[in-house]
Every structure is written in structure tokens, then in C-alpha cells.
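The values are calculated or read from the model by the stated rules, or taken from the named source; none is laboratory data. It should be emphasised that the depicted structure is a prediction, and the values quoted were computed from it without experimental measurement. Ideal geometry is used to build each Cβ from the backbone, glycine not excepted, and the neighbour counts take in all protein chains shown. When the accessible area is computed, the model is the full protein with side chains, heavy atoms only, and any ligands, DNA or RNA have been set aside. Shrake-Rupley method; radii C 1.70, N 1.55, O 1.52, S 1.80 Å.
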Amino acid sequence: MSATPTATAPVTLHPRAGGAADTLALLLERRLPGHSLEAPFYMSEEIFRADLAHIFRRHWIFVAVAPQVPEPGDFITVDVGGDSVLIVRDDDMALRAFHNVCRHRGSKLCDAHQGSLGNIVCPYHQWTYDLEGKLIHADHMGETFLREQHHLHKVHLRELEGLIFICLADAPPTDFEEVAARMRPYLAPHKLAECKVAAQVEILEQGNWKLTMENNRECYHCVGNHPELTVSLYEHGFGAQPGPQNAEGIARFEQIVADSCARWEAMGLPSVRMEELDTRVTGFRTQRLPLDRAGESQTLDTQVACKKLLGDFTEKSLGGLSFWTQPNSWHHFMSDHVVSFSVIPLSAGRTLVRTTWCVHKDAVEGVDYTVENLTAVWNATNDQDRRLVELSQAGVASPAYRPGPYSPFTEGLVEAFCTWYVDRMRAGLSAA
Amino acid sequence: MSATPTATAPVTLHPRAGGAADTLALLLERRLPGHSLEAPFYMSEEIFRADLAHIFRRHWIFVAVAPQVPEPGDFITVDVGGDSVLIVRDDDMALRAFHNVCRHRGSKLCDAHQGSLGNIVCPYHQWTYDLEGKLIHADHMGETFLREQHHLHKVHLRELEGLIFICLADAPPTDFEEVAARMRPYLAPHKLAECKVAAQVEILEQGNWKLTMENNRECYHCVGNHPELTVSLYEHGFGAQPGPQNAEGIARFEQIVADSCARWEAMGLPSVRMEELDTRVTGFRTQRLPLDRAGESQTLDTQVACKKLLGDFTEKSLGGLSFWTQPNSWHHFMSDHVVSFSVIPLSAGRTLVRTTWCVHKDAVEGVDYTVENLTAVWNATNDQDRRLVELSQAGVASPAYRPGPYSPFTEGLVEAFCTWYVDRMRAGLSAA
Amino acid sequence: MSATPTATAPVTLHPRAGGAADTLALLLERRLPGHSLEAPFYMSEEIFRADLAHIFRRHWIFVAVAPQVPEPGDFITVDVGGDSVLIVRDDDMALRAFHNVCRHRGSKLCDAHQGSLGNIVCPYHQWTYDLEGKLIHADHMGETFLREQHHLHKVHLRELEGLIFICLADAPPTDFEEVAARMRPYLAPHKLAECKVAAQVEILEQGNWKLTMENNRECYHCVGNHPELTVSLYEHGFGAQPGPQNAEGIARFEQIVADSCARWEAMGLPSVRMEELDTRVTGFRTQRLPLDRAGESQTLDTQVACKKLLGDFTEKSLGGLSFWTQPNSWHHFMSDHVVSFSVIPLSAGRTLVRTTWCVHKDAVEGVDYTVENLTAVWNATNDQDRRLVELSQAGVASPAYRPGPYSPFTEGLVEAFCTWYVDRMRAGLSAA
Ligand code: FES
Ligand code: FES
Ligand code: FES
Ligand SMILES: [Fe+3]
Ligand SMILES: [Fe+3]
Ligand SMILES: [Fe+3]
């Protein structure tokens, strides 16, 4: 066999049973830039637990949109790794997050995924907390019991123009505020916080969460797999190896991007790319890109799915403002709807993808939009991506799998994801 | 965050991946009295295996009632941890227990949960054992083969007034005889051994067996969760924080208990409490307590479920004689029926609860009793408790869970269970 | 308890929790000849991984019959341990095997179990390989990308008269050619490569693969479990303890064997036993044995299941030529059909058994044979054996299980299997 990409860091094809497992630190150390990760990153339950500890419990995680909890007392519960988190809107309309665990004997407080409540009453022995997490009632605990020592444990929460991020760390990354400040002008005009949830779908993927993220970060696979999505996506929108055969097409696409961008900026809609996926702790990327054909929305006919436009928009052709965040989300803001994706790791080989479609809160189903039309493209695309993620998981499970090379033209954001991941894991290990 | 109950034994909220697991010995050492156990006791498969080794394979375990095997040749199989045990009534009416494993190549001998047999014939190559476990036939094994070296492995068994306990240890705890001697006068009048099984129900709980036991050892949760059970239970029967608002009610209840107890003792029915849950190896507790309203039985209308009373009883209002044993059972003996609970651990997060209702063997279904009426209260109660156990398991799985304080008034028996458990585990570790 | 067979290598009945696990090397070292293996060999996921590493990735494994891929471009995928292997017939009719893993980002290439293809096109980003495994197309990879470094990883493959064996080792056992040379005269007359697959059935057994193999290697269990199979099998065909009561029967059977063998050899059909199950790396055994009653085939009426005989046969009574291979197959070649068994380990406690029935490729279903009649005996027998394997797995899971003695008369081939297994595992550990 000729020299392989991993030649500098050889892996025996058939590791002997009982041999010492390569440590996570060593695997991070020898990661070969420009190549997919070694198999243990996708397979090992131990590395999965490290992912939870160093990535999902130390960074800002996108978990929901504000329209899921519109009224005082509305709550949702979200699971992130082993943590169940209760997100409630309190009586002053503030969003709050708590660990969904009673301070008495640890019962889960709210079992439902969503609902509405006055106080938070534990189902086991009825300890009662208010919407700020304060223990306000507990029977039979005696005269010396101190209620103030048994309030709910809080979780950090930030709302960014209708997107809800939480952080399970004691000391969350501090650069979130800067990211938020820079993103706000892009997101604000779409007024997501004033939307309603038109549809939400959860799918389970039999694959590691990083394969789900890597799949999201390139469109090399789109032409062969996404007939519905590629109706509205320009062929060259996500990179290509330049050559005589496509030089004209690329130039034409770049002109369209430049023209559209100038038009939208003139309308007061920030559109230029910001790309800081692997250069900061709270990695992100954004860009408003034109859509093909009718160019209005990511729909089967590329026209708006909802007649009532978002916010104060009167113009339908605003392209798609995409917002990608590390480690677990992406979003497309259009003139008529927002579609938002949250990736939740369940185990080394199982991942939840929650997709939420929002429209103007005054839009009327059946009149202004239909759920079927609104969700058609991404339901189809999600299912196609699920299959690709599962084929990847099945493939990397083989002892014959070796990291392979990324395309320098179409897989740059995959590389950025892996670089960010490896850097943050190294940082986590150093801090531990 | 202010000082927490675990301040003297801090646990980092987010243990770092790859960090050394706290040893079982350390966790036992730092257990904070008066508080629920730390999460690994409910979650860790390693501690679960230690539970099997030190608790379930070294102590007397309640597994069945004698009416399940009334005739010679009747058998049942019970699983305790990884052990399958065959319990048979031999031709002399003695109860015997064997490991349900062939001495040839180890096939499971009896796959059915119950049945009747003449000899014990292995399904694989038909090695044949008699009801005393002796190998009496084996083909093709040659002239030098010694059958007497291949008899079935025995398991210790004791019958206590119709309750069948087994012990998997080579040397079982010796205080069982003393416990039996003291309990016999309480149990004997109900003549369980002369009953028949009217119903048996198994439910699977997605929780650790200790959460099932802890749930059983308090009624703090009853008022909020058990509408059917609390019909016959006095409100103050299982503890309350005393105060001006309930002083009169508590006093009235204590008078009822004293009067009832005196009446039953005068009838020759021992009723006074014996409580040795955490002061001996074979921990137990018993008490005959009055029932509320009609006061006859744990039924929806608190009247007897079976017209034909147990043993020689003519009086219906005998309250409920409860018998709790460590680590895995509780029983309620009433004038008309006995209901018996056996808790079987399946994995760190899965537990089987087997409930058996017995009535007089001459009682006729449809005439003297109906299964529906007999089982209504505890089927409902078991299902409510299952949900509470499962919410607890979900809650302690959170990295945010911390041991919380027990009520000094209503959770004393939970504390006794945990104390017994911790003591026995320490003893097991020391002996190992 | 009297001295047990394992007295020289005692195992505590209840290993203490947290105690050091016996190492695989120690378990291999103390294996007691003539007895079943200790429980960890059937239960431990760690030993299972060692089985994959030392047995299934280092030896020749039977995986398919040539009639499964009759035409150029036909493929099947087979899973062996964690490896998915793609077997294709190329345009020159040669059989080739590749790891079913894309060299780009590791996607599984072919998800189907069988099919037909022109080139091998990865579903993810459409990298394209020809039927010799060469990467012939990859988009967007840039000018410096070297396709010749990204051909598919090959797997060794040998066809032995229509039986397809693969070896995942870099350096496969070299004695396969000798085994093939000696077996070819036995197998060739049946012309399996010119057959078609009439039926294929997969069953899942909840047991360790070695229990499946041990079950196959004796007929001690046949009389009590296989009413369909024993119609065509002579009672003494697989060993018995000799004695006055069966001396005449055994002598008669041996005469039949000698007469049949002489007749078949005279017809040019090699029939004498070759037995090298535990004396070489590529262990095997073969023998052509007479069948009882009509004596033609392993069917319910012992007559041929297919009117069109195999190859150039005109004689129906050719008995059954059996071919057993270590570690994972057995085959019965008769005058009218071949039935072939491939055992695939899935986990310590789960095993796949794939059974394939082949008839002459010109035989017409419904005219020359029916699938129901062809498969009746082995479908019934497989299901009976599955139950026995599952009872064995359940039994050895008990802490009370101890290795028991094999019959010196009926379990010699089980002993040969275990001896081969232990020897090969020791060799694997030494080489590692
Ligand atoms: S566990 Fe919540 S009140 Fe007891
Ligand atoms: S395993 Fe029981 S007779 Fe063989
Ligand atoms: S993984 Fe096969 S082409 Fe990308
Ligand atoms: Fe995609
Ligand atoms: Fe309860
Ligand atoms: Fe069999």
C-alpha cells in the first residue's frame, strides 16, 4: 500500500485486543489538518462524554426560539447531554433557565416538553418553586430547614433576537456578547421574537453529532442528494474547483452575489459575510446569499411560503440570511419565514436534530401559508442528510476506515468545524 | 451559591472526562446522613454489580409465596441479579432451591416461569436430575464418569409462614432464624401457606432498585399521588411535622392506634411495632395499623375484598399487618387477603416489581371475590409509584443533582434503608 | 460440595465486585481439556473483541456461495465483526473483495445486501471506483490530489469450488491452498459454482457464536431435539457410548458406511473422512456419510428435493458429503442440492446464522423443486438449535455455571473446536 494521509501518525489497521487505547489527548495531538477525524471521535462513548464535558457543557448552545415560550408561565424542557433544562418565561416576561431537578430528592420537575405553569411544583412531594426558582414551600421539613439553601440551580441563558442560547458552564465564554452585538443588525429586521412556531420536527440520526455538523457545513453532497434544496440554491454557492468548464458560471454567480448584496445593504439589511468559525470561542458565520429562480424562499417553487412577510418587510426577494454557530446550530432567515436547526447529541452514535419553522405571528394557517409547503424542502433535505450521516457512521465504524482528504474548494467549513472542535477540546483538556 | 448540604464532601458539578471515578468505598465513606444518596448509587453499572454482589448475593431475599408451588413437583423460576433459581416442592412437600443451570454444558434447565415436573430434565442432552437435585441419568458419559459430582448446585431457602426467602451466599446471615421466630406469631394467624394466589402482576420500572425501595419507605408522597391508597390510610399514619394545625388530628390518630392495638392483642394477634430496619443484618420492621373508614382492607371501599376470610378469622376489622424486609420486600396481611411485593434489580436503571395477592384457598373467584376489586388499589398505586421512581431516576441522572435532605418527620424509614444499605455495602467491601 | 472438574483452577462462585478480571491469557492458560469453556468466553464483550481480532480477522472465513454473484457487476455485502466487505464479480468474471468504505470521508459505499452495479459510486460525494477498486473520478479535489493513493482497500478472497472465503488479515494463513487442494476432488463433482441460490434464510441467535459452533459439532442433542433432521440421520452416525445394548446397531451402521464409501469411491466420488479440525490453522473436516431410509437427501421424506440433480449426477443416493470449517461454517453436499451455513458473530451474546440452499441452475421452481420442501428440515432444525443456543447462553450467564465434561463418545468435535479456538487465541495473543 502506498503512503497514506495518516503516514505521519500511523494507526494499525487491526488494533490488537487489549492494547492500550489511544488517549484522547494523543488523538487530538495527531489530528491531520485537512482530513476527516479518526474513527474514535465518532465511535467512542468515552470521547462522547468528553464532547459533552468540554463542548456542550462549556459553550453556548442553541436550544430554542423565543416563540416557543411566548407568554408568562410558558415553559419548555430541553435535554443537552445528560442535563435536562427547564426554560420558563417569568411574570416579567424575562426568560429563565433552571436545572430541571428538585432540590429535595432529585425528582425531575417537569416531564413534559412544553406547557404552562404558575409555580414549579415537584410531582413527588410537592416542594414548590416560583418562576425565579425560589423554593417557596416544602412540607414536613422542620423548623431548622433553610428554604433559601434549596432554590433551583440556575443555568445561564441569552436571547439573541429570538434565538435562545444556554450555557451550562459556571463561567460561560465571554465573547458571546460581542458575537451578539455583531449579529443583531443582521437578525433584527426579521423580528423572530414576534413570530410564532408554525412547525417543529425532531428526527433521530443514527450517527455521531459531529457527522451531522460536518454534513451541514458543505454542499459538495447537495447536487447528488438534495433535489428539493438545490432548486433554490445556486450551483456554485458553496464552492467548486475552478476550471475552464465552469469559469463563466462562477463569474456570473459572483456578480449576482455582489449585486444582491449591494441592493440589500442599501435597504438597510446587512448582508456581507462574517466568518469566524474557528477563530473564536463562540464560533459563528453569517452571510445573506441570493436564492435561485424566483429567489424568494427555500421552497419547492422558490416563492415565499407565507404571504404575510416577517417584521416590516414588503420586499419578498431578500435571499437567505444564514447564521451558523459552533457547535450545534444553523438558521436561515428569509423574507417570509425562519428555519432553525438545533443539534443535540444523545450518545456516540445517536443524534437529535430539531427543526423549527417560524412565521409572522399574525399569519393564518391555510390562508397565508400551509405547513406542508413551508416544511417540504427541509423535511426532504433532513431525511436525505440523515441517510448520509448514517452511512458515514456505518463506514467509519469499519476497522478499515482512515481519515480522508477534504476538498480544498468545497469542504472548507467542514475543516473549520473540525479545527474549532479540536482546539476547544484541547483547551478543555488543558483546563481540566 | 450558598453552602449546600454536601459542602463537607464536595462534588464538582461537571466532573472532567477521563477523571478518576470516585471509588465505591469513598462514596460510601462520605455518605451524608439524612440525605439522599449520590447519583452514582443510582446510575453506575459498576455499583449495580456491587449491589448484586454485596446485597443480593449475601442477604436473604424475598422471592415468592408458598401458594405459588402448592403441590409436589410444582416449580417456579426466579431471577435475582444474574442468577436464575429453580424452586421446587419435592415429593415430601419440602421446598428446595437450585441454580437453574445444567452441570453438563450449562444449559438453563427450566425456561418457564412456573410449571410442574416429575424429574428435572435438561432440554439439551437430557441429563436428568431428581427433585432433590441429584443427577440420576446421563447418556454417553463413559464408565469413569461420576454422577455424584454433577448434582445441581443448591441455593439456601427458608419459608417463613408462607413467605419464601432465598440466600445465594455460601454462608447466609445467621440472624434470619431470630427474625423468623419473632415474626411468626404475627404472621401465623393469617395462614398464608394455606392460601392460593389470586393474582400476580409484574411491572418494570425504569429506575434503580433503591429508588423503588426508598419510594416504598415513606408516605410523604402519598397525599399528592395516591388517591386510591389514601382512602384506607390514615392521614397521619406515616409521620408529619407537628404543629398547632394538626396537633388534634395526631392525638386522635394515636388514640385509635392504641385502642386498636389493645383490642387485637386481646384477640391473640400481636400488633405492636418491631423496628429493626438498620440495626441488624436481616433488617425488618412490622406493625399492625388500623385502616380508615370501614377499616377492613386496602380496597377502594375499605371493605374486605374477599368474603371468605383468611385462616380462622371471623372478624373483618383487623387492620393491616405490614412487614417490611431489607433489601427487597414489603407485605400487607389483612383479614381477607395478603398482598406481597418483591423487588428485583435488573440493571442500574431497571427494576422489576412483582406483586402477589393471596386469598383463602377455598375462596371462589366471582363469588367470594373479584380480581379487579382485590387488585384495584395496588395496581393503581404501583403505577403511580413507578412514575415517581422514573422521574427520580431521570432527575438524579442530571449532572446538577445533589443529595437533598430527608424530612425528619416523614422520611425516617428511607434514612433507615439508606443506612442499612451503606452499612451492608461497607461490610461487603471489608469482607471482600 | 465435592471436588468439581475445575478443582485445579478454582473460580470463586461470586467474584467480588471490582476485583481484577481474570485476563484472557490466564483464562486460555487454565482451560480444562474435555470441558466446556468458562463463562467469560461466552459473556465478555472484551473477549468478544479479542475473538474478532484473533479469530475473525486472522483466519479464512466462509461468507457466501458463488451463485450469489453469478454475473459481472453482481455484488453482495457481508459484515464480519465490525467490517463491512463488498464482494463483486468484475467484468472478467473474477471475484474481488473490498472494504465497503469510501476513501474520502468514510461513507459506507453499498448499503444493500446484494445488487448489481457498473462502477462503485459513493452515495455521499460521488467518488467513483471501478470494479477493481480503482478510484476513477473525484470532483473538486484539486490539481495535486493523487487518485492512485485513494483506491479501495482490498480484502483477500478465495473461491473453493463455489464456496467463497475471505480473510481480513494482511497476511492470511498460508495453508488454505493445501486444504483447498485436498477438498477440491470431494466438492468438484457437485458443481456448486454452476448452481443457483434457491433460498437463503438468516436467523438471529441470542447467544455467543461459539455456542452456535459447539452446537453444530455434536449430535448428542439430536435425538431429543431434531425430529425432522433425524429422519435421514442414522442413529449412531455421530457417536455413542458402546455397550451390549447397542453393539449390534453400531456394527451394522459401520458396515453400511464401509459399503457406501466403497461404492461412491468406485464412482469417482471421494468419500473417506479427512479430519484436521484442530491440527492446522485452517481447520477442517469432511466425510461423505450414508443417509437413512430412502437415503437420497436431507429432506422430510429422505428423497431428493430437486428432480434435476447437481452437475452430471444420475445417481440420487450419494449420501451427504459434509464439510466443516473452523471457525464458522458447515456444508452438506448431496446429489440434488447443497446447503451451506455461515456463522457471523454480532456481539458477545448475538450471532447471525445464514443458511443458503442451492440447486442446479436449470432447475425450475414448482416443477423440479419447491422451496418449502427443500428448506423444511433445516429451517426446523435451525430453529431448534437456536433455542438450545439461547438456553445455553442464559445458563452460562449464571454465576453458578461451571465448565462441565464433554462426552468422550459424542462430543469429540466440540472438544476439537474448543482446542482449535484456544490454540488460535493463544497464537494471536503471542503474535500481538
Ligand atoms: S423530590 Fe421533589 S419534593 Fe421530594
Ligand atoms: S447441557 Fe444439560 S444435558 Fe447437556
Ligand atoms: S465520503 Fe465518499 S465521496 Fe465523500
Ligand atoms: Fe445536506
Ligand atoms: Fe407510593
Ligand atoms: Fe442441532
*Could you list all residues from region B:372-420 that are touching a helix residue (DSSP H, G or I) at 6+ places or on another chain (Cβ under 6 Å), closer than 13 Å to B:PRO33 by Cβ and of a type outside the set (A, V, I, L, M)?*
B:TYR406, B:PHE417
_Single residue of region B:90-100 satisfying the filter (open to solvent by 10 Å² or more (accessible area, probe 1.4 Å) and touching a Gly at 6+ places or on another chain (Cβ under 9 Å)) that is farthest from ligand 2 (Cβ to nearest atom)_ = B:ASP91
_Would you confirm, using the coordinates I've provided, whether A:GLY395 is without any contact (Cβ under 8 Å) to a residue 12 or more places away in the chain and either surrounded by 20 or more Cβ atoms within 10 Å (Cβ to Cβ) or closer than 19 Å to A:HIS226 by Cα (or both)?_
yes
*Kindly establish whether A:ALA251 is more than 16 Å from ligand 1 (Cβ to nearest atom), over 30 Å from A:ARG184 (Cβ atoms), of a type in the set (A, V, I, L, M, F, W, C) and in a loop (DSSP other than H, G, I, E, B).*
no
*Could you pull out the residue among A:LYS196, A:LYS191 that is modelled with pLDDT of 95 or more, in the same structural domain as A:PHE284 (by TED's automatic domain parsing) and more than 29 Å from A:ARG386 (Cα to Cα)?*
A:LYS191
*Taking the condition crowded, with 18+ Cβ neighbours inside 10 Å and at pLDDT 95 or above, does C:VAL281 pass?*
yes
*Criterion: surrounded by fewer than 24 Cβ atoms within 10 Å (Cβ to Cβ) and under 19 Å from C:LEU310 (Cα atoms) - qualifying residue of C:VAL367, C:VAL359*: C:VAL367
*Give the residue, chosen from C:LEU135, C:LEU28, that is more than 19 Å from the chain's Cα centre (by Cα), away from ligand 2 (no atom under 16 Å from the Cβ), open to solvent by less than 10 Å² (accessible area, probe 1.4 Å) and closer than 29 Å to C:GLY207 by Cα.*
C:LEU28
*Among A:GLN206, A:GLN200, A:GLN241, which is within 14 Å of chain C (Cβ to nearest Cβ), away from ligand 6 (no atom under 16 Å from the Cβ) and open to solvent by 40 Å² or more (accessible area, probe 1.4 Å)?*
A:GLN206
*Just name the residue that is least open to solvent (accessible area, probe 1.4 Å) out of those in region C:405-427 that are away from chain B (no Cβ under 13 Å) and farther than 18 Å from C:ASN328 by Cα.*
C:ALA427
*Take region A:159-180 and flag every residue that is under 29 Å from B:PRO403 (Cα atoms) and charged (D, E, K, R).*
A:ASP170
*For residues in region C:56-80 being of a type in the set (Phe, Trp, Tyr) and under 18 Å from the mean Cα position of the chain (by Cα), which is nearest to the other protein chains (Cβ to nearest Cβ)?*
C:PHE56
*Output the residues belonging to region C:90-109 that are among the β-branched types (Val, Ile, Thr) and under 14 Å from C:LYS134 (Cβ atoms).*
none
*Among the residues listed as A:TYR369, A:TYR406, A:TYR401, A:TYR421, the single one being more than 16 Å from ligand 5 (Cβ to nearest atom) and touching a Cys at 6+ places or on another chain (Cβ under 6 Å)*: A:TYR369
*asked:* Are there strands (runs of 3 or more DSSP E) fully within region B:81-197 with at least 1 residues that are more than 9 Å from chain C (Cβ to nearest Cβ) and touching a residue at least 60 places away in the same chain (Cβ under 8 Å)? List them.
replied: B:83-89, B:95-99, B:154-160, B:163-167
*Hey, among C:PRO70, C:PRO15, C:PRO5, C:PRO10, which residue is part of a loop (DSSP other than H, G, I, E, B) and either in the same structural domain as C:ASP139 (by TED's automatic domain parsing) or modelled with pLDDT of 95 or more (or both)?*
C:PRO70
*Answer with yes or no whether C:HIS59 is more than 16 Å from ligand 3 (Cβ to nearest atom) and either touching a residue at least 60 places away in the same chain (Cβ under 8 Å) or at negative phi (or both).*
yes
*Quick one: in region A:209-231, of everything that is more than 9 Å from chain C (Cβ to nearest Cβ) and hydroxyl-bearing (Ser, Thr, Tyr), which residue is nearest to ligand 6 (Cβ to nearest atom)?*
A:THR212
*Working only within region A:223-234, note down all residues that are open to solvent by 50 Å² or more (accessible area, probe 1.4 Å) and either within 8 Å of A:ASP292 (Cβ to Cβ) or within 16 Å of ligand 5 (Cβ to nearest atom) (or both).*
A:TYR234
*Just one of B:ARG387, B:ARG402 is open to solvent by 10 Å² or more (accessible area, probe 1.4 Å), within 11 Å of another protein chain (Cβ to nearest Cβ) and not in a helix (DSSP H, G or I); which is it?*
B:ARG402
*Return only the number of the condition from (1) over 25 Å from C:PRO399 (Cα atoms); (2) more than 16 Å from the chain's Cα centre (by Cα); (3) touching a residue at least 24 places away in the same chain (Cβ under 8 Å) that B:VAL201 does not satisfy.*
(2)
*Which one of B:GLU194, B:GLU148 is within 30 Å of B:GLU315 (Cα to Cα), surrounded by fewer than 22 Cβ atoms within 10 Å (Cβ to Cβ) and away from ligand 1 (no atom under 16 Å from the Cβ)?*
B:GLU194
